[in-house]
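Every number in this text was worked out from the coordinates using simple rules, so none of it is lab data. What you see is a predicted model; the values in this text were computed from it and never measured. Ideal geometry is used to build each Cβ from the backbone, glycine not excepted, and the neighbour counts take in all protein chains shown.
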Amino acid sequence: MQPWHSIKQLALCFNLIEHHQISIDTLQGLEKTRYNQFDTLIFPTLRWLIDQGVRFRHNSEVTDIIFKQDDKGKLFAQGLTYIHSGEEHTLNLGPQACVFVANGSVASDFSIGEHNSAALMTERPGNDWNLWHSLSNKVKGSGDPVQFVNRIRQTTVVSFTVTSPNKKIFQLMEQLSGNVDGTGGLTTLHASNWQISISLPYQPYFLGQPEHISVFWGYGLSPYTLGNFVKKAMVECSGEEILREIISHLNFSQDQHKIMEGTNCRHLIFPYFTAPLLPSADKPEVVPNGVGNLAFIGQFTNVDDYPCLNIEYAVRSARRAVYKLLGLG
């Protein structure tokens, strides 16, 4: 958490830790997936939805929602306008249709950096935010994205994944901390100007990951400051420079050659990753008052009794949306 984040979010985090007796050092009390979350949660869910007949329209961007007001003044979504492969289309909605809008994403406008090259990031909001901008002007109570997209230097996070053909850094970390891979929590480098934390998960981390390959990941919360050892902002660094900074902080420099040999560090810049932690007056309610068949879901909705920036927050928003629109209680 940073000084400009919501004090309410901090309190909710403390309440969650206390309620579930979560240990920050060992992650005891948290439900952890055996593999990464995509392989364990997202991909199986995607396959199940496809098997149930759900149709996904790829390469499509919803640009607006068409509403009609009933005689009681309530708004109902009647159609979607979207661009597919460069052409504009309109999808008419039936009387039983429900519309669920992910009004923002922490992964919007991300950029990818390689081991030997920095990421080419943009500091201007992309098309992902256009629909929310449009709805904020026509639907009362739908929030406003402006606050969340105009503070990039406060909301940017750089995430990195290190893939190595040897387990040298895992061995050194076990000697340093006493934790084998997957049994410890995040290791935060307290002296890091970039505010780096790293995680050494259970191996293999990916389905199909070769036995001799090891993978760990981490992130930096202050990527616009100069590094302690690499005198550049994290957003300007290559993956190799990020890895060198980590090795230096851990005092593993004498083993740097072995750690770096054949290792690949790829990184991603997320300009809005911590934006949901900002004070949430501009987040919409899951189902705004005066709207009949539309709900907002995801990290940029208001779920007032749970801390954001985790999968469960997004799931809770979706569950509330379904229950309310379908009248399930």
Cα gyration tensor shape of region 141-193, rounded if a/c is under 1.5, else prolate or oblate by comparing a/b with b/c: prolate
In nm, spacing of pseudo-spin labels at D64 and W4 (7 Å Cα→C-beta vector): 3.3 nm
Residues F300, F270, F170 arranged by fewest to most Cβ contacts within 10 Å: F170, F270, F300
Theoretical gain in end-to-end length, T40 to K258 [0.36 nm per residue, Cα-Cα removed]: 75.3 nm
Rg to Rh, two decimals, where the chain supplies the alpha carbon set and Rh follows Kirkwood: 1.00
Cα-based Lys proximity count in the chain, under 27 Å, for pairs eight or more positions apart or on separate chains: 29
Burial order of peptide ranges 152-162, 82-92, 47-57, 173-183 (average beta-carbon count within 10 Å, highest first): 152-162, 173-183, 82-92, 47-57
Check: the chain dipole with +1 on Lys, Arg Cβ and -1 on Asp, Glu Cβ, in debye: 480 debye
Distance (nanometres) between label positions extended 7 Å along Cα→Cβ at S134 and E18: 4.5 nm
Gained length - L93 relative to R124, 0.36 nm times residue gap less alpha-carbon distance: 7.9 nm
Relative packing of 4-15, 301-312, which averages over residues the other C-beta atoms within 10 Å, highest first: 301-312, 4-15
Mean ellipticity per residue at 222 nm, deg cm²/dmol - from DSSP H runs of n ≥ 4 across the chain, formula -39500 (n - 2.57): -7000 deg cm²/dmol
